[in-house]
Amino acid sequence: IVLGSTEASDVATITAIVLANSFPTGGIDTGGAADESDGFMFGLRQTNTTTITCTMGTSGVTTTRTCRFHVAEFSSGVSTQEGSTVTDTDPENITITGVTLAESYVAHAGWRTRDAATVDLEWNGDGNGRLTTSTNLRWEGSQAVTATLDWNVADYTGAATQSSTASMLTTDASITATITAVTLAESVLHHGLGVLGGTASTHAERHRIRG
């Protein structure tokens, strides 16, 4: 989905899916621009069975952005739920339909709008929502801002999920976290990056993360 510099949202038509068994995930390409704070913010929604909507911030943006997405649909064993929530506290706790915590994870959580006054706070699209109980999705920032959050939670029957956080100092090029042993051929890593403070240009560097 390609959005112009002043375009807040656009849609893509996909092959029909069953919403309750599907979830979207993705990322953005800002065209190499490093100084466009709101260009890093995006939300993905399954608007209906054949439509995906990508919404991004536009404040200070001067280049075209590309939202690259994937939609996963499961024939059985997976149930999903999604929503759009206006956040105004930090952290924000969102009540969801009960899931099996050890078999579930946050498939997507991303700000798609925020108040224009907060320039030094940027978050990667997927990495900062986590399940703290079977009915609570916790979204964490570094300060309270008014924003709209798109989110999706997936519950896999028979899966085993684990989640945590790890901090990187400004001098760290990489860090290592220990996890409970997994079968590599049957596992996936879902991750993101939160940035506390700094300028828009440093956010561009900090949003590049591999796991």
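The values are calculated or read from the model by the stated rules, or taken from the named source; none is laboratory data. Note that the coordinates shown come from a computational prediction; the quantities given were computed from them, not determined experimentally. A quick note on method: Cβ atoms are made from the backbone with ideal geometry, for glycine too, and the neighbour counts reach across all protein chains shown. Accessible surface areas use protein heavy atoms only, side chains included; no ligands, DNA or RNA. Shrake-Rupley method; radii C 1.70, N 1.55, O 1.52, S 1.80 Å.
Data for the structure
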read-out	value
Accessible heavy-atom area order of PHE42, PHE74, highest first, probe of 1.4 Å	PHE74, PHE42
Heavy atoms of ASP88: accessible area, 1.4 Å probe, square angstrom to 10	90 Å²
Formal net charge of residues neighbouring GLY77 (Cβ-Cβ distance under 11 Å; K, R +1; D, E -1)	-2
Heavy-atom accessible area ranking, 1.4 Å probe, most first, across GLU73, GLU186, GLU103	GLU186, GLU73, GLU103
Heavy-atom accessible area ranking, 1.4 Å probe, most first, across ARG65, ARG130	ARG130, ARG65
Efficiency of FRET from Cβ geometry, THR13 and THR157, R₀ 25 Å, rounded to 0.05	0.25
